Amino acid sequence: AANPVTKAVALVILVGCIGIFMWQGVWFASEYESFVGQKKIAAKNYEGAIKNLSAALALYPANTEAGFRLGQVYLMQQRYKESLKALEKSLAAASYYEEVYYQAALAALGTKDTKKAVHYLMDNLRLHPYHLQAYSLLATLLQENSIYAGTDELAMLERGLVLFPYEPNLWRQTGEIFQKQGDVEYAKDIYVRGLAVDTTDRKLLKRVEQLYPASQRPPLVEQAKSLQAYQEKATK
C-alpha cells in the first residue's frame, strides 16, 4: 500500500544494509586471516604466515596491519622487492603509520634504491622525530652518498643532533657529510659542538685537530686532551 517514493527509499536502505553486512563479513574474514598469520609468525612458520597474510590482503586490501606484517616477513627472508611492494600498499592505505616508512626504507635499501630509502626515512622522521635508529641510518646513507644530502635532509640531521646530543657517531657523521659537500667551516663547527657535549670522544677530538691548525685550535681541544689522558690513566 506504500507509495512509490516510500518503496524506493526502503529498497535503497535495504540494499545499503545488505552491502554493509557483506563488507563487515569480508572485513572480519580479513582480520581473522591476519590474526592467524601473526600467530604463525610467532611460531616461526613464515611460509604459512605469508599465505594467511596474503589472503587477508586479498579480502581487504586496506588491512594495514596485515600488509605491514607481510612486508616484515618478506624483509626477514631478504625478499626485498616483495617486501617493498607489500609495505608500499600499506602506506597507500594508512600514510600515518610511521613504522611502515622505516621498514619500507630497509626494504628499499635491500633493493639498492638509496634514493627511495632516504625518502622513506625522511617520512618516518617527520612522523616520529624521536626515532634514533632512523637518524643513524639516514646519517650513514648520506655519509656514503652525499649526493642525496639536500637542504631538508641536512636540516633533519641537525634536528637529530638537538634531540640526541649524546650520540657522538651522529656528530661525526653529520660533520663528515658537510665536509664532503665542501662546507669545511660548518663541519668544523659540528665537530667542536659534538666535542663540547662529549669531551671524552677520541674520534671527535682527532677530527678537530685535523681541521684546525695548531695555533688556531679552540681551548676545548686542550681540555679534551687532558680529560682523555686522565680517563686513560684511570682505566689503566
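The values are calculated or read from the model by the stated rules, or taken from the named source; none is laboratory data. Please read all numbers here as calculations on a predicted model, not as lab measurements. Note: ideal-geometry Cβ built from the backbone for every residue, glycine included; neighbour counts use all protein chains shown. We work out accessible area using only protein heavy atoms, side chains counted, and drop any ligands, DNA or RNA first. Shrake-Rupley method; radii C 1.70, N 1.55, O 1.52, S 1.80 Å.
Can you run down the residue pairs with Cβ atoms below 8 Å, 6 or more apart or on separate chains, where the first is in region 128-146 and under 14 Å from Pro165 (Cα atoms) and basic (Lys, Arg) and the partner is modelled with pLDDT of 95 or more and not in a helix (DSSP H, G or I)?
If the second residue must be modelled with pLDDT of 95 or more and not in a helix (DSSP H, G or I), no pairs are left.
With the requirement that a residue be open to solvent by 50 Å² or more (accessible area, probe 1.4 Å) and in a helix (DSSP H, G or I), what does region 210-225 give you?
Gln210, Ala214, Ser215, Gln216, Pro219, Glu222, Gln223, Lys225, listed by residue number.
Condition check: of a type in the set (D, E, K, R), under 14 Å from Ala86 (Cβ atoms) and free of Cβ contacts under 8 Å to residues at least 60 places away in the same chain. Does Lys51 satisfy that?
So Lys51 passes the test.
Let's see how each residue does on (1) under 20 Å from Leu125 (Cβ atoms); (2) of a type outside the set (Val, Ile, Thr); (3) modelled with pLDDT of 90 or more:
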| position | (1), (2), (3) |
| --- | --- |
| Leu137 | yes, yes, yes |
| Thr140 | yes, no, yes |
| Glu144 | yes, yes, yes |
| Asp152 | yes, yes, yes |
| Arg172 | yes, yes, yes |
| Arg193 | no, yes, yes |
| Lys203 | no, yes, yes |
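Which condition does Cys17 not pass, out of (1) within 30 Å of the chain's Cα centre (by Cα); (2) of a type outside the set (D, E, K, R); (3) assigned to a helix (DSSP H, G or I), if it passes all the others?
Result: Cys17 passes all but (1).
Looking only at region 89-104, how many residues end up being within 22 Å of Tyr135 (Cα to Cα) and either of a type outside the set (Asp, Glu) or in contact with a Phe, Trp or Tyr (Cβ under 9 Å, 6 or more places away or on another chain) (or both)?
Residues in region 89-104 being within 22 Å of Tyr135 (Cα to Cα) and either of a type outside the set (Asp, Glu) or in contact with a Phe, Trp or Tyr (Cβ under 9 Å, 6 or more places away or on another chain) (or both): 10 in total.
Look at Val15 and say whether it is in contact (Cβ under 8 Å) with a residue 12 or more places away in the chain and over 23 Å from Glu82 (Cβ atoms).
no
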